Amino acid sequence: MTTSSGGRGPKALGDVLSNLFAERGYGRLQAVGELEAAWILAVGDAGARQTQLGGVRRGVLNVTVAHPALLEELSSFQKTQILAILRREVPGTPILDIRFRVGPISPPSKPDNLR
């Protein structure tokens, strides 16, 4: 659909929705959900329960782990495999490296109907 001169007139629905999603941050929420799902696939349910994803900054995914032994396991023995899975499952989020640190893990929040 085209607009009349001066930018007035009807706009394509796709353009309107794209702008709305960008303003509300829905695309970012979807990307976070995809990254979390890929993380569970990469480290398994047990590993995911003992880790917490941080943000991706300059291509580096920050991950907090529950204890030093897990940090050593993930960073020394599983990092290459984890990176390969994340890159395959979430191609829209460039992940060049993973930085692990030991710290407290927040329990996952429960939906309101389970509280």
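Within segment 30-70, how many residues are under 11 Å from the mean Cα position of the chain (by Cα) and acidic (Asp, Glu)?
So the count comes out to 2.
Residues to consider are 99, 115; find the one that is out of contact with any His (no Cβ under 7 Å at 6 or more places or on another chain) and either acidic (Asp, Glu) or at pLDDT below 95 (or both).
Working: 99 fails: either acidic (Asp, Glu) or at pLDDT below 95 (or both).
Only one candidate passes the filter, namely 115.
If I go through segment 53-96 residue by residue, how many of them are surrounded by fewer than 16 Cβ atoms within 10 Å (Cβ to Cβ) and in a loop (DSSP other than H, G, I, E, B)?
Qualifying residue count, segment 53-96: 7.
Given the conditions (1) closer than 21 Å to residue 106 by Cβ; (2) modelled with pLDDT of 95 or more, and given that residue 76 satisfies all but one, which numbered condition is not satisfied?
The failed condition is (1).
How many of the residues making up segment 83-102 are without any contact (Cβ under 8 Å) to a residue 12 or more places away in the chain and farther than 22 Å from residue 73 by Cα?
1
Using the structure shown, decide if residue 33 is out of contact with any helix residue (DSSP H, G or I) (no Cβ under 9 Å at 6 or more places or on another chain), surrounded by 10 or more Cβ atoms within 10 Å (Cβ to Cβ) and assigned to a strand (DSSP E or B). Steps first, answer last, please.
Working: out of contact with any helix residue (DSSP H, G or I) (no Cβ under 9 Å at 6 or more places or on another chain): yes; surrounded by 10 or more Cβ atoms within 10 Å (Cβ to Cβ): yes; assigned to a strand (DSSP E or B): no.
Taking the combined requirement at face value, the residue does not satisfy it.
Quick one: would you say residue 24 is of a type in the set (D, E, K, R) and either modelled with pLDDT of 75 or more or in contact with a His (Cβ under 8 Å, 6 or more places away or on another chain) (or both)? Even if it seems obvious, please write down each step before you answer.
On the way: of a type in the set (D, E, K, R): yes; either modelled with pLDDT of 75 or more or in contact with a His (Cβ under 8 Å, 6 or more places away or on another chain) (or both): no.
Here the answer is no, as residue 24 does not meet what is asked.
Has segment 103-112 got at least one residue that is free of Cβ contacts under 8 Å to residues at least 12 places away in the same chain and either assigned to a helix (DSSP H, G or I) or buried (at least 16 other Cβ atoms within 10 Å of the Cβ) (or both)?
yes
The values are calculated or read from the model by the stated rules, or taken from the named source; none is laboratory data. Since the structure is predicted, the reported quantities are computational estimates derived from the model, not experimental observations. Methodologically, a virtual Cβ is constructed for each residue, glycine included, from the backbone with ideal geometry; neighbour enumeration extends over all protein chains shown.
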